[in-house]
Amino acid sequence: MENVKKVGHAKFWTDGNNIINLQFNSIEGYYTLDLTTAKKYINIIANLCQGNPMPFIIDLRGFHGTFSTEAANFIAKSSVLNNLRISEAYILNSIGVKLLIASYKRIYDPLTPHITCNDFETATQYCIESRALYFESS
């Protein structure tokens with residue numbers, strides 16, 4: 001892990017494969033991502049990417065919650081993220097979070113390539129492949 005940043009329940013870092021990693025710490029109870037926190041997350045991601053497009057791994061194992069409509073809209077339509085986000089790999093271990101992500105992708109962000117999986121290795125491989133394809137087509 002390089003250059004780790006923490007905000008509330010979330011931890012962000014880049015790895016040796018030039019992938020942005022987002023991991024939610026063990027969250028007790030139900031968590032709602034609000035607009036203020038979403039803006040903080042985007043600032044951290046922009047700082048970590050340093051202007052370079054990267055794939056994202058979002059580890060939501062153990063996450064119990066949702067996001068506000070404002071936060072979902074802001075993340076999906078953020079010009080900063082749209083210029084930096086190559087793809088997204090969501091690591092999940094619950095049907096509730098799988099349904100949450102499926103709804104988010106369908107309603108708010110149907111264009112960003114993504115995968116849902118239940119292990120870090122599959123997520124990493126997807127990100128490496130999507131990064132290679134992105135830079136081949138650029």
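The values are calculated or read from the model by the stated rules, or taken from the named source; none is laboratory data. Quick caveat, the model's predicted, so the values are computed rather than measured. For neighbour counting, all protein chains shown are included, and Cβ atoms are generated from backbone atoms with ideal geometry for every residue, glycine included. Remember, those area values only see protein heavy atoms, side chains included, never the ligands or the DNA or RNA. Shrake-Rupley method; radii C 1.70, N 1.55, O 1.52, S 1.80 Å.
For region 1-98, GluC sites (Glu not before Pro) are listed when DSSP marks them as loop and at most 15 other Cβ atoms sit within 10 Å of their Cβ; the list is Glu28. Solvent exposure of Ser94, expressed as accessible area, is near 40 Å², computed with a probe of 1.4 Å over the protein chains only.
Heavy-atom accessible area for Asp15, with the other protein chains in place and a 1.4 Å probe, reaches approximately 30 Å². Counted as membrane-span-like here are DSSP H helices of the chain whose alpha-carbon atoms extend 24 Å or more along the helix's own axis and whose Kyte-Doolittle mean is -1.0 or above; these are 120-137. Counting only protein heavy atoms and a probe of 1.4 Å, the accessible surface of the chain is 52% carbon and sulfur. Charges were assigned to the Cβ only: +1 to each Lys and Arg, -1 to each Asp and Glu. The resulting dipole of region 96-138 about its Cα centre is roughly 240 debye. Could you let me know the centre-to-centre spacing of region 74-133 and region 1-65, using Cα atoms, in angstrom? Using only Cα atoms, the two centres lie 13 Å from each other.
Return one whole number: the accessible area per residue of region 93-138 in Å², for a 1.4 Å probe. Intermediate results must be reported in sequence, preceding the final value.
Working: 3040 Å² over 46 residues.
Solvent-accessible surface per residue comes out at 66 Å².
From the Cα gyration tensor of the chain, with a ≥ b ≥ c the square roots of its eigenvalues, which class applies: rounded if a/c is under 1.5, or else prolate if a/b is larger than b/c, or else oblate? In terms of gyration-tensor shape, rounded. Distance between the pseudo-spin-label points of Leu111 and Lys98 (7 Å out from Cα toward the beta carbon): 2.9 nm. Calculated mean residue ellipticity, 222 nm, the chain: -14000 deg cm²/dmol, from DSSP H runs (n ≥ 4) at -39500 (n - 2.57) each, averaged per residue and rounded to 500. Measuring only protein heavy atoms, the 1.4 Å probe finds His64 accessible over about 100 Å².
Which of the lysines could a cross-linker span from Lys105 if the Cα-Cα distance has to be under 17 Å and same-chain partners fewer than 8 positions apart are dropped? Reachable lysines: Lys77.
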